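Asks: Below is a structure I'd like to ask you about.
The values are calculated or read from the model by the stated rules, or taken from the named source; none is laboratory data. Model, not experiment: these values are computed from the prediction. Methodologically, a virtual Cβ is constructed for each residue, glycine included, from the backbone with ideal geometry; neighbour enumeration extends over all protein chains shown.
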Amino acid sequence: MKNIKRILITGGTGFIGSHLVETFIDKGFYVTILDNLSSGNRKWLEQIENVSNLNFVLGDILDYDLVNKIMVNQDEVWHLAGNADIPLGVNNTQIDLETAVTGTRNVLEAMVKNNVKTIIFTSSGSVYGNLAANLVSETSGPLYPLSMYAAGKISAEAFISSYCHLFGLNGYIFRFGNVLGSRMPRGAIRDFLIRLSQDNSKLTILGDGKQAKSYFLVEDCIEGMLYIKSHVFCEKRAEIFNLGNPGTTFIFEIAKNVITTMGLSGVKLDYTNSEAWPGDQPVVNLDVSKVARLGWKPKRNSIEAVNEGILRMYKFLKDFN
């Protein structure tokens, strides 16, 4: 990382992106953010908005001319921009196609034109589809996505791999578990806290409560990416890394821990026993042994991350209100 001076972050005002921006600003790098603010929030960057090594560009990765213009003199790209609302892809089947495919192609094309060699892409464990009911490694397949969001992530991965092979780019693809922090715009923890603040007598839980996923904190997510990038050189190729915690945490466990954190008792858990929402993936069980062999693991396990995530979101929502 010490040789990198100028970094372009697409989607830099989002949940993970804003934390990443803060990290690089603290390291003294010059950071350019490209974001259309469709799901991001500039208030996350209020404390650093006026520093001299941060440049915010309001715009869209679908605007190739703009992407090409701001790619000049960049050293590497952290590509986080895209649709983050999975259910939205059901009602608007074009959004993931545009952002994940056309948007990613625009970023890659501008990189080639401006001789920018390295791209870091934030993908998702959702790419594994029903395979993830069992433990899935980076080599598991074939991949049959259950949502437009997952289809878009797979497509973006494929374009990155192709550009690395054809044009000599270096690609790092990270397939995340569920990332937690107080800036989460959605998710079970946030939903449960809001519902219980409105009616603490019962909590409606979509599905059967046995949905199980790997959870880790946003600072561990960023630390993991930086660690892998500093220990693996993906020269003229793309390499995939599962990033998260080993094991999973059930949704019903999250619900009970939210209730405990709020100091409530006697709350009735009301399960819908149906699909949580179109495109939901009930289980994401990531094999993270590849990154473990490289010497990295999250500081907190999945349930510890969940409990910390609940505390952070509970405090955030109380302060916000």
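Asks: Can you tell me which residue among Ser137, Ser162 is touching a strand residue (DSSP E or B) at 6+ places or on another chain (Cβ under 8 Å), among the polar types (S, T, N, Q) and surrounded by fewer than 19 Cβ atoms within 10 Å (Cβ to Cβ)?
Replies: Ser137
Asks: Can you tell me how many residues within the stretch 176-206 are out of contact with any Lys or Arg (no Cβ under 8 Å at 6 or more places or on another chain), touching a residue at least 24 places away in the same chain (Cβ under 8 Å) and among the basic types (Lys, Arg)?
Replies: Residues in the stretch 176-206 being out of contact with any Lys or Arg (no Cβ under 8 Å at 6 or more places or on another chain), touching a residue at least 24 places away in the same chain (Cβ under 8 Å) and among the basic types (Lys, Arg): 3 in total.
Asks: Follow-up question, since we're still on this one. Would you check which residues across the stretch 1-52 are part of a loop (DSSP other than H, G, I, E, B), modelled with pLDDT of 95 or more and touching a helix residue (DSSP H, G or I) at 6+ places or on another chain (Cβ under 8 Å) and list them?
Replies: Gly11, Gly12, Thr13
Asks: For the stretch 72-84, does any single residue satisfy the condition of being surrounded by 21 or more Cβ atoms within 10 Å (Cβ to Cβ), part of a loop (DSSP other than H, G, I, E, B) and at positive phi?
Replies: yes
Asks: Looking for whichever is touching an Asp or Glu at 6+ places or on another chain (Cβ under 8 Å), closer than 24 Å to Arg186 by Cβ and touching a residue at least 12 places away in the same chain (Cβ under 8 Å) here; the options are Val136, Val57. Which one fits?
Replies: Result of the check over Val136, Val57: Val136.
Asks: Within the stretch 16-29, is even one residue over 19 Å from the mean Cα position of the chain (by Cα), under 26 Å from Asn178 (Cα atoms), surrounded by 15 or more Cβ atoms within 10 Å (Cβ to Cβ) and among the aliphatic types (A, V, I, L, M)?
Replies: Checked against the condition, which is being over 19 Å from the mean Cα position of the chain (by Cα), under 26 Å from Asn178 (Cα atoms), surrounded by 15 or more Cβ atoms within 10 Å (Cβ to Cβ) and among the aliphatic types (A, V, I, L, M), the stretch 16-29 yields at least one hit.
Asks: Next question. Can you find a residue in the stretch 249-272 that is closer than 22 Å to Ser123 by Cα and in contact with a Phe, Trp or Tyr (Cβ under 7 Å, 6 or more places away or on another chain)?
Replies: Within the stretch 249-272, one or more residues are closer than 22 Å to Ser123 by Cα and in contact with a Phe, Trp or Tyr (Cβ under 7 Å, 6 or more places away or on another chain).
Asks: Further, regarding this structure: Out of Ile9, Ile25, I need the residue that is more than 20 Å from Ala156 (Cα to Cα) and in contact with a Leu (Cβ under 7 Å, 6 or more places away or on another chain). Which one?
Replies: Details: Ile9 fails: more than 20 Å from Ala156 (Cα to Cα).
Going through Ile9, Ile25 in turn, just one is more than 20 Å from Ala156 (Cα to Cα) and in contact with a Leu (Cβ under 7 Å, 6 or more places away or on another chain): Ile25.
Asks: Which of the residues belonging to the stretch 266-321 are of a type in the set (Phe, Trp, Tyr) and either in a helix (DSSP H, G or I) or free of Cβ contacts under 8 Å to residues at least 40 places away in the same chain (or both)? Can you show your working first?
Replies: Taking the stretch 266-321 first, the residues of a type in the set (Phe, Trp, Tyr) are 271, 277, 296, 314, 316, 320.
Tyr314, Phe316, Phe320 - these are the residues of the stretch 266-321 that are of a type in the set (Phe, Trp, Tyr) and either in a helix (DSSP H, G or I) or free of Cβ contacts under 8 Å to residues at least 40 places away in the same chain (or both).
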